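First the structure, in the form of structure tokens, and then the observations on it.
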Amino acid sequence: MRSSSRPRTDRLAGFKAFAPALALALTGLIAGCAPFPTRTTVLPAGASRQSYVVDGRRYHVLTHAQGYRQRGIASWYGLHSVGLPTASGLPYNPDSMTAASKILPLGTWVRVTNLVNGRQVIVRIDDRGPFVRQRIIDLSYAAARQLKMIARGTALVEVRSIPQPLLPHTAAFALAPPPLAHNPLGHPPRMYLQIGAYAQRSRALALELHFMRLGIRPLRLFPVQRAGRILYILQVGPIAHVRELDRLSGRLTSMGFLKTEVIIR
């Protein structure tokens, strides 16, 4: 839980005072970027429980976060979310180092690393979302600012669960990039959209040919061994921009491929 000693009300009021000006300053940037994902303005019923439904889709919350690690695309809360209730019951405060996840238990602490610049933040999950395809976490304004992703709107990140930090106040904080580790991957992140994993090679080959004929490329098809059996992975990429990935994801969804996922290497 957040420390009651933090001046939440004063800080929120202060942000509201300059939010209109900041929103105006960011208008040009926002116009040139993909739309910022937002959480629902109406809190989904049972969002703090193990299962809940949003827009007809059921989400299952993990029983625990131990060992959780995922790479994907992060977004940040739009300014219009200021003061709206979160799944934890508290209003969204853009100055707090918090985040939303569709599946992590509320109260989970995670370390978020920007895979492009190496910057890190530690945040507490206190809300549900983002309910936008191909996004794994929605960050507060303060956390997004520390990761240097405000102007772009999204970032390629790695999210790892951690034990609750021992801090003077129950608040998350930003970590400086590790020395000489501008890019934690050692190379520019490569983004792929995985279409599926198939037990039959003939099925994977037929789909690869089908997508090539539709102009969806470049494609990667390769075998992996999982649980004692071979699966054939079909991916599109590398994809240069999140906007391009979103367009491709929407196209595949309209074709009935509903379980595509982002892979970052």
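The values are calculated or read from the model by the stated rules, or taken from the named source; none is laboratory data. What you are looking at is a predicted structure, and each value in this text was computed from that prediction instead of being measured. Heads up, the Cβs are rebuilt from the backbone with ideal geometry, glycines too, and the neighbour counts pull from every protein chain shown.
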Exercise. If residue 166 satisfies every condition in (1) modelled with pLDDT under 90; (2) not assigned by TED's automatic domain parsing to the domain that holds residue 148 but one, which is the exception?
Worked result: (2)
Exercise. Applying the selection to the range 211-249, what residues are part of a helix (DSSP H, G or I), more than 23 Å from residue 73 (Cβ to Cβ) and touching a strand residue (DSSP E or B) at 6+ places or on another chain (Cβ under 9 Å)?
Worked result: 212
Seminar exercise, completed: Pairs returned, first residue in the range 198-219 that is not assigned by TED's automatic domain parsing to the domain that holds residue 260, second residue that is among the aliphatic types (A, V, I, L, M) and at pLDDT 95 or above, beta-carbon separation under 8 angstrom, 6 or more apart or interchain, are none
Problem set entry | Count of the range 96-123 residues which are charged (D, E, K, R) and surrounded by fewer than 19 Cβ atoms within 10 Å (Cβ to Cβ) | 1
Exercise. Quick one: which of 71, 49 is at pLDDT 90 or above, among the basic types (Lys, Arg) and outside any helix (DSSP H, G or I)?
Worked result: 71
Exercise. Just checking, how many residues over the range 124-159 are of a type in the set (A, V, I, L, M), closer than 18 Å to residue 249 by Cβ and part of a strand (DSSP E or B)?
Worked result: 4
